[in-house]
Amino acid sequence: MTGVLEGIRVLDFTWVVGGPLCTKYLAMLGAEVVKVESSTRPEHRKRDGQFELLNAGKYSCEVDLKSPSGRRHIRDLLAGSDILVENFGVGVMARLGLSYEQARVVRPDLIMLSLSGLGQEGPDSSLLAYGSLIQSYAGWTSLLCEADDLADDRLGMVPVWADHLAALMSTVAILAAVRRRAETGLGEYVDVSILECVVSMMPGQVSAASQAATLRPMGNRSDRFAPHNVYPCAGTDRWIAIAAYDDDQWEALRRLVDLPEAGLSTVESRLARVAELDAAVTQWTRDQDPWKVQGRLRDAGVPAAVSRNLDDLLADAHLAERTFFRAGAHGPGLGLPWLAESNPPITRPAPQLGEHTKRYLEEM
């Protein structure tokens, strides 16, 4: 079985998380992904568990990009490649002689994607940007804390998911460019901004702000439903998420928890008394086993989910049945977040530094 990108070669000039995860998706879709690496860069020498997760199924070619011979080798390799993905700082590829305009001279139908914090153009494009900084720049962190936390100068920054989101969006952009090239024969340059990826996931907040609405952080509460929160359970740091999205779910929750009925028949009335409701639900969940609470709530028709720790996640029978976790050299690997016959499993581990250099140099 072959993937949809079988026969496509990708030159991978990426590091950290966003770029490598994008090219990992391409490898899982069947592309031949060649990591261009150098032993002079610390991040290329470090082969830990995260590296294994992000780079399984790829090849590694060690090249000194600062030497004339190394650049010549890269140009030769580029001539036989279809896609180039990079997430260096803005301007680095141009200084290496590998900007899109320079690269397309060697491969006219090249698809090149640059992934950066703030995009390749604009007054802030040269700023150093990591996922946590991007989530702050986008305004996301200001929406994560509880309202009371503002007085204590506490804002939510982690977990950092901006890079992972950008990786998936970059993959979609590349697939669209591959489709376009198949129809027109034309290559394309794709400029992906992690900031814009994050903001694109906030349509409701952006719409409200554009209409001069005042947005206040709500933590795990909702401005449309109540109760809607995460509640403590028995055990060390064990919690359960509960949400009543309509009147039927509210009524089921009310009966199970023995919440008051008078004056709470509408969503508006429940939102007005949300603190009272949260306190009552907390009193009910606090001394109970979270998994038993989850079962009771679901049996009653109330949406609920235990807040799992990572040990719970790795032991999850549902994900195991869907073969999402794959065995890797440093622990479980990650599969694609969708199932399709066109996704052959990756059985090759992440490469050692320069493991395939001889193969590609001989080919050139």
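The values are calculated or read from the model by the stated rules, or taken from the named source; none is laboratory data. This structure is a prediction, so every number in the text was calculated from the model and none was measured. Heads up, the Cβs are rebuilt from the backbone with ideal geometry, glycines too, and the neighbour counts pull from every protein chain shown. All accessible areas refer to the heavy atoms of the entire protein, side chains included, with ligands and DNA or RNA removed. Shrake-Rupley method; radii C 1.70, N 1.55, O 1.52, S 1.80 Å.
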Practice problem: Scan the helices (runs of 4 or more DSSP H) fully inside region 191-305 and keep the ones with 2 or more residues being open to solvent by less than 40 Å² (accessible area, probe 1.4 Å). | Solution: 194-199, 247-257, 267-272, 274-285, 290-300
Practice problem: Search region 344-364 for residues that are surrounded by fewer than 16 Cβ atoms within 10 Å (Cβ to Cβ) and pair each with any residue that is not in a loop (DSSP other than H, G, I, E, B) when their beta-carbon atoms are under 7 Å apart and the residues are at least 6 apart or on different chains. | Solution: PRO345/ARG326; GLN352/SER60; LEU361/HIS73; MET364/HIS73; MET364/ASP76; MET364/LEU77
Quiz item: When you go through (1) farther than 30 Å from VAL63 by Cα; (2) modelled with pLDDT of 90 or more; (3) of a type in the set (Gly, Ala, Ser) one by one for ALA340, which number turns out not to apply?
Solution: (2)
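Could you check how many residues of region 101-118 are under 16 Å from ARG181 (Cα atoms) and open to solvent by 10 Å² or more (accessible area, probe 1.4 Å)?
Of the residues in region 101-118, the ones under 16 Å from ARG181 (Cα atoms) are 104, 107-113.
Now restrict to residues that are open to solvent by 10 Å² or more (accessible area, probe 1.4 Å): 104, 107-109.
Residues flagged as under 16 Å from ARG181 (Cα atoms) and open to solvent by 10 Å² or more (accessible area, probe 1.4 Å) within region 101-118 amount to 4.
Determine which member of the set LYS35, LYS58 is touching a helix residue (DSSP H, G or I) at 6+ places or on another chain (Cβ under 6 Å) and within 21 Å of ARG359 (Cβ to Cβ). Reasoning before the result, please.
On the way: LYS35 fails: touching a helix residue (DSSP H, G or I) at 6+ places or on another chain (Cβ under 6 Å).
Checking each option against the conditions leaves just LYS58.
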Quiz item: Does region 93-100 include one or more residues that are out of contact with any Leu (no Cβ under 9 Å at 6 or more places or on another chain) and assigned to a helix (DSSP H, G or I)?
Solution: yes
Self-check item: Search result, residues across region 25-53 that are assigned to a helix (DSSP H, G or I), more than 12 Å from PRO351 (Cβ to Cβ) and in contact (Cβ under 8 Å) with a residue 40 or more places away in the chain
Solution: TYR25, LEU26, MET28, ARG45, GLY49, LEU53
Exercise. Inspect all residues belonging to region 66-86 and state whether any of them is touching a residue at least 60 places away in the same chain (Cβ under 8 Å), open to solvent by 20 Å² or more (accessible area, probe 1.4 Å) and under 30 Å from GLN135 (Cα atoms).
Key: no
